[in-house]
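Below is one structure; the comments refer to it alone.
The values are calculated or read from the model by the stated rules, or taken from the named source; none is laboratory data. Here the structure is a predicted model, which is why all the values come from computation and not from measurement. Here the Cβ is made from the backbone with ideal geometry for all residues, glycine too, and neighbour counts use every protein chain on show.
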Amino acid sequence: MPRLTVLLAVLLAFAPASAHDGHDHGPGLQPIENGMALQPADGKLEVVEVFAYTCGHCANFQPILAQWKRTAPANVRFVYLPAAFDLQNGYARAYFAAESLGVLDRFHDAAYHAIHRSGALPARGATANELASFAATLGIDAARFRVAMDSPATDAKMATAREFAVRNGIQGTPTLVVDGRYRVQGSSFGDTLRLVDELAKSGGSAH
């Protein structure tokens, strides 16, 4: 995979060490010791993409990931999760606001395009008002969006997202986490998804 966006170094001290279970998983499949699943469901393999809207690699991965989702193994449950090391990160809060309002299908790809293509949003440090105004251009009520960004529900989701990233040793974006057991970062986007497919076929175990 291309060089990852490195997160704040001070936070990396909290990242757990990888487990060593005697199997050769290759550099792209990293076992996690004492990891955390996000929303475990019986019979489903949870695949979480930890992403950041401001990350250029995430923007490039998104169309490939969206295509893969359409043909992903039936036992895979895919979840997006913004990196939320900073609990006040406006872009992460905007994601959860869009999710809570049921407009993520309108917001998600458009946010990437606005940051990395059109320049309609700044590459970093967008304010809540800027994000709400951008949401309005997508036909989303700006006032409701602004309230959702600052809601207690969003506060709780941000805290969970931060805990997930720290517990699972996330050091950059994009990173896929499978069942809170493996970080998957292949040599390319396609290789990363191939590794996930292999885990899905084996029921979530790498041998």
(request) Just one of (1) assigned to a helix (DSSP H, G or I); (2) in contact with a helix residue (DSSP H, G or I) (Cβ under 7 Å, 6 or more places away or on another chain) trips up A123, so point out which. (result) (1)
(request) Only residues that are more than 12 Å from the chain's Cα centre (by Cα) and part of a loop (DSSP other than H, G, I, E, B): list them for the stretch 55-84, please. (result) A72, P73, A74, N75
(request) Those residues that are in contact with an Asp or Glu (Cβ under 9 Å, 6 or more places away or on another chain) and over 21 Å from Y112 (Cα atoms), I need them from the stretch 163-176; list them, please. (result) G169
(request) Being surrounded by 16 or more Cβ atoms within 10 Å (Cβ to Cβ) and either on the phi > 0 side of the Ramachandran plot or free of Cβ contacts under 8 Å to residues at least 60 places away in the same chain (or both) is the filter here, so list the residues in the stretch 55-79 that pass it. (result) A59, Q62, R77, F78
(request) Might you let me know whether the stretch 67-81 holds any residue that is among the polar types (S, T, N, Q), closer than 19 Å to A111 by Cα, touching a strand residue (DSSP E or B) at 6+ places or on another chain (Cβ under 9 Å) and at pLDDT 95 or above? (result) no
(request) For the stretch 30-50, state whether one or more residues are out of contact with any strand residue (DSSP E or B) (no Cβ under 9 Å at 6 or more places or on another chain), closer than 12 Å to R181 by Cβ and not in a strand (DSSP E or B). (result) yes
(request) Select from the stretch 120-173 the residues that are among the hydroxyl-bearing types (S, T, Y), buried (at least 16 other Cβ atoms within 10 Å of the Cβ) and closer than 19 Å to A59 by Cβ and list them in ascending order. (result) T173
(message) Which pairs turn up if I take residues in the stretch 130-141 that are farther than 15 Å from G90 by Cβ and look for partners that are part of a loop (DSSP other than H, G, I, E, B) and at pLDDT 95 or above with beta carbon separation below 9 Å, at least 6 apart in sequence or on another chain?
(response) T137/A120; L138/V103; G139/V103; I140/L101; I140/V103; D141/L101
